[in-house]
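The values are calculated or read from the model by the stated rules, or taken from the named source; none is laboratory data. Because the structure is predicted, anything quoted here is derived from the model rather than measured. Here the Cβ positions follow ideal geometry from the backbone for every residue, glycine too, while neighbour counts run over all protein chains shown.
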Amino acid sequence: MRLLAAVLACLLVLIIVSPAHAVGNLRMKIAAIAYNPIMSNRPGLPRLNVATGWSDPLVMARDHTNWWDRASAGMVRCELVINTNLNIWPVKADGFRYTALSYWAIYTNGWQGAHSPDTIDYYEVFKTDVPWLLTMIETGAVDQVWVYGFPYMGCFETRLFGPGAYECNSDGTEELGNQRMFLASFPTMERADTPMENFGHGCEGVLGAWFWNYLLDYPGTVDTPYTNINDFALFTRASANAANNIHCGNIHYAPNSVGEYNWGNTTYVNGNADAWYSYPLMTNAPRMMNCSEWGNGDNHLHKIWWFRHMPQKVGLWKGHLMNWLTMFLNLQRASYPLGSDQTLVQTNVDLAGWFTFEVYAPPGTTQVTINVSTGRSVEFGVQKDTIPLYKRFNWWGANNMAYDFWSSARSNTHTLTINDANEYGRSVTGYWYFTFGRAYTSPTSRPATSATNYSVRVTVLPQPTNSAPVAVTVSQPAFGARVDRPLTNIVWATDALPQGIRASYLLYSTESATGPWQEICEDYHYQLAAPYDWSVPAATAGQAYVKVVVEDVYGVQYDGVSAPFGLNTNFVPEPGAVFLGLLLLGSGLRRRA
């Protein structure tokens, strides 16, 4: 369908040995707020964190953005759009509210006399204490909220809020009435290491929903031979639950842990953690490892190590996105894009999980038809603008819903037509998302052999086209430049596509303007835009070229190649290089996939 097919074909014969990830940047706008009231009963009227000797939450927030950068190998770029203290004691669900005097009493008394029940009133947090924040979330000015608190504030570690919100280390809730689902994390000022643990537990819940389960409570998954285990369940195997097949463990168990929180265990085990750098082929060999790999017992370093091993590739494997952080963090768009009249087939799929696709209906569209064919009976749903959600797998019993159409009657085939008479009050044009899955009612109902195939196809009428060839011009790196900084920019421009661009892919070659090409980044979720920062391969030197490929919403690709430049070395013109450089600068190369 596009460049991805060729890249995946090459992937089948390559052994990936480094943790480098070839994806774009997920830019998350963060609102960090801290319940850090002034202690009116203490000399000098200090804030709570100063009076107790705890960490400064405003500094913590800045540090934690850097932790995400490290945990994602630079993919997740957090921008603190709000970072502020609140001079407020939050209210509990039963109406109780601490004061400086009452809180200091339990703090100095070893937490004796803490109020019970402990649960905070989340509605009051967002509706009364920071009433301006929900508007920012709805408009996209804020993507995620970090609420820094204190012991006995009564918060879950992470929680999802909004339509269809599901388990995320706590039950999801729709109580705020917001239409754009968001994740909130609730770290404590008492422990500067808590945020990555919070996010790790949230990730276990969200990926557990996508993959349906990450525990060993269904047939065929007890230690080896793992005849029925999904990829996320395999990722979480540690010596405590899979002594013969150790991988990356989970948030409470490092690969060699013998009990919870045993992240500092010095015992060496033969672990498969490196295999996840070569996902999905898992070609990197097991080796002996211990806590020196993940921070020698440091909580947040262990979590950074854990996240760094998660696949961050582009495309689908067994029906799931190969960028797991997309599924965790990109809540509105964790889906695979499909163009019109392109049939996608996936094999060896566990239909217990959920699979989601994005369809664009350009202006003038009169009809969209979605066809799904599966090897086992599944549920099926559709929604405009965001992913449809219904009964995501969870531990807490809450089954929130968000969809325009849902077929809970399981079937091997589903066909839905969206047109003027049947567009759910949303209009036909725009972005539609459809999902299917949940082939089984419970973990124990899943058979020991569950893998099967599926195919999906979307038809948009009238058949969409872009009428004219599209030029892609790469202006940087410039002709004859030397590129050897840790980061440098790629700059390109594209002729206007009538229906827009759904993806951009960046590649480089050190051989010729026609390749062979090696990927820098290809991505359809983060809308790569110029200028784009890229890391110069340290061991690569010579005359080089950059290629930029853009893909329209129908899967048609157009590309342009830069003029030659020097990569980690001075540029040495080859015969004809000057003429070629001027030619490439003047007109973008074009290709139809």
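Odds and ends about this structure:
- In the stretch 501-522, residue modelled with the lowest pLDDT [restricted to those that are among the small types (Gly, Ala, Ser) and touching a Pro at 6+ places or on another chain (Cβ under 8 Å)]: 503
- Residue in the stretch 340-351 that is closer than 18 Å to residue 437 by Cα, of a type in the set (A, V, I, L, M, F, W, C) and at pLDDT below 90 present: no
- Number of positions in the stretch 545-574 that are in a strand (DSSP E or B) and out of contact with any Asp or Glu (no Cβ under 9 Å at 6 or more places or on another chain): 7
- Residue within the stretch 235-245 that is β-branched (Val, Ile, Thr) and more than 24 Å from residue 202 (Cβ to Cβ) present: no
- In the stretch 523-545, residue surrounded by the fewest Cβ atoms within 10 Å (Cβ to Cβ) [restricted to those that are at pLDDT 85 or above and in contact with a helix residue (DSSP H, G or I) (Cβ under 9 Å, 6 or more places away or on another chain)]: 543
- Selection status of residue 91, closer than 25 Å to residue 162 by Cβ, surrounded by fewer than 19 Cβ atoms within 10 Å (Cβ to Cβ) and in the same structural domain as residue 29 (by TED's automatic domain parsing): yes
- Qualifying residue in the stretch 78-85 (condition: of a type in the set (S, T, N, Q), within 37 Å of the chain's Cα centre (by Cα), surrounded by fewer than 15 Cβ atoms within 10 Å (Cβ to Cβ) and closer than 30 Å to residue 25 by Cβ): yes
- When 139, 119, 158, 108 are checked against the criterion of being surrounded by fewer than 15 Cβ atoms within 10 Å (Cβ to Cβ) and either under 20 Å from residue 331 (Cα atoms) or in contact (Cβ under 8 Å) with a residue 60 or more places away in the chain (or both), 139 stands alone in meeting it.
- Every residue from the stretch 30-59 that is under 23 Å from residue 143 (Cα atoms) and either surrounded by fewer than 16 Cβ atoms within 10 Å (Cβ to Cβ) or at pLDDT below 95 (or both): 59
- Taking strands (runs of 3 or more DSSP E) as the structural unit, those lying wholly within the stretch 407-476 and holding at least 2 residues that are under 23 Å from residue 343 (Cα atoms) and touching a strand residue (DSSP E or B) at 6+ places or on another chain (Cβ under 9 Å) correspond to 430-437, 451-461.
- Applying a threshold of 7 Å to beta carbon distances and a minimum spacing of six or more residues, or different chains, the list of pairs starting in the stretch 504-524 at a residue that is of a type in the set (Lys, Arg) and ending at one that is modelled with pLDDT under 90 is empty.
- Contacts under 6 angstrom Cβ, first residue in the stretch 547-563 being among the small types (Gly, Ala, Ser), partner part of a strand (DSSP E or B), 6 or more apart: 560/472; 560/473; 560/474; 560/548; 562/474; 562/545; 562/546
- Residue 202 vs. criteria assigned to a helix (DSSP H, G or I), surrounded by 22 or more Cβ atoms within 10 Å (Cβ to Cβ) and modelled with pLDDT under 95: yes
- Of all residue pairs spaced 6 or more apart or on separate chains, those with beta-carbon atoms under 7 Å, a first member in the stretch 36-64 that is acidic (Asp, Glu) and a second member that is in a helix (DSSP H, G or I) are 56/49.
- Members of the stretch 179-199 that are surrounded by fewer than 21 Cβ atoms within 10 Å (Cβ to Cβ) and touching a Pro at 6+ places or on another chain (Cβ under 8 Å): 179, 190
- Residue check, residue 59 of a type outside the set (S, T, N, Q), closer than 30 Å to residue 330 by Cα and assigned by TED's automatic domain parsing to the domain that holds residue 184: yes
- Scanning the stretch 55-66 for residues that are among the hydroxyl-bearing types (Ser, Thr, Tyr) and outside any helix (DSSP H, G or I) turns up just one, 55.
- Flag for residue 163 being at pLDDT below 95 and not assigned by TED's automatic domain parsing to the domain that holds residue 107: no
- Filtered residue count, the stretch 546-561, keeping only those that are farther than 10 Å from residue 472 by Cα and either touching a helix residue (DSSP H, G or I) at 6+ places or on another chain (Cβ under 8 Å) or not assigned by TED's automatic domain parsing to the domain that holds residue 479 (or both): 2
- Filter pass, residue 93 being under 27 Å from residue 136 (Cα atoms), among the aliphatic types (A, V, I, L, M) and modelled with pLDDT of 95 or more: yes
- Hits in the stretch 37-54 (condition: closer than 19 Å to residue 111 by Cα and either part of a helix (DSSP H, G or I) or among the polar types (S, T, N, Q) (or both)): 41, 48, 49, 50, 51, 52
- Among residues of the stretch 270-283, those that are over 21 Å from the mean Cα position of the chain (by Cα) and either surrounded by fewer than 19 Cβ atoms within 10 Å (Cβ to Cβ) or not assigned by TED's automatic domain parsing to the domain that holds residue 243 (or both), counted: 2
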